[in-house]
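*Asks:* Sharing a structure with you now.
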Amino acid sequence: EGNKNKNLGTLSNNILRAQAEQEVEKKKVELNLDKVQKVVFFPGNNGEDILDLVRIQKMLKDNPNLLIYAIPKSRQIGNNLSYEDVEAVLDYVSSSSPSTSLGVNSIEKKFETLRNFRLQGRFILVKNGPAMQGIDLRYISEEAADALYGADLIITRGKENYESLKSS
């Protein structure tokens, strides 16, 4: 019982710390976005990064000069977002229920603008992202290296990504 409460307390503290760090990160990004023209985004896990795709879509709406490269994992690794995961989200079309009571499938509608930004070349999905936990710049693909070149802002999600970049 004591260990369970200790673990729950630790988990709660970690969640609060992560939320606080996210707020600080969000404020920093908001302050500089009007001057940023090229962003590189390394996603972390599936759950948080679906929401990040919504944020990316908003960033592109708010800044007509912005170009965003997303560099997910090249294959499924743990719960990290992979290239195929992002493709599936962007290409999602519900065949079983083409409409809802609102008249439009909500997932399909949610990423319609991001799909359009991709067609315009403002949202670029890099197919050959890292094939390992974290990011080791010594082993990234030429496509990922080209995306990183000249970036005004690099956003990385996930502890493994952050820790591995911090130590490089």
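*Asks:* Could you pull out every residue, at least 5 positions away or on a different chain, whose amide H is within less than 5 Å of the one on I154? Hs are placed 1.01 Å off N in the peptide plane, and Pro or chain starts have none.
*Replies:* V40
*Asks:* State the extension gain, in nm to one decimal, for the chain segment bounded by R122 and L51, taking 0.36 nm per residue of separation less the distance between their alpha-carbons. Before the final figure, lay out each step's value.
*Replies:* Details: separation 71, 0.36 × 71 = 25.56 nm, distance 1.86 nm.
Contour length minus Cα-Cα distance gives 23.7 nm.
*Asks:* Here's something else I'd like to know. With 22 Å as the limit, write out which pairs from K35/K159; K61/K159; K38/K58 have Cα-Cα distances beyond it, or answer none. Mind dumping the intermediate values first?
*Replies:* On the way: K35/K159 27 Å; K61/K159 28 Å; K38/K58 15 Å.
As for pairs spanning more than 22 Å Cα to Cα, those are K35/K159; K61/K159.
*Asks:* Another one. Run the numbers for E142 and R115: contour at 0.36 nm per residue of separation, minus the present Cα-Cα distance, in nm. All intermediate terms of the calculation are to be shown ahead of the outcome.
*Replies:* Details: separation 27, 0.36 × 27 = 9.72 nm, distance 2.43 nm.
Gain on stretching E142 to R115: 7.3 nm.
Values quoted throughout were computed directly from the atomic coordinates according to the rules given, and no laboratory measurement underlies them. The shown structure was predicted, so the numbers you read here are calculated from the model rather than taken from an experiment.
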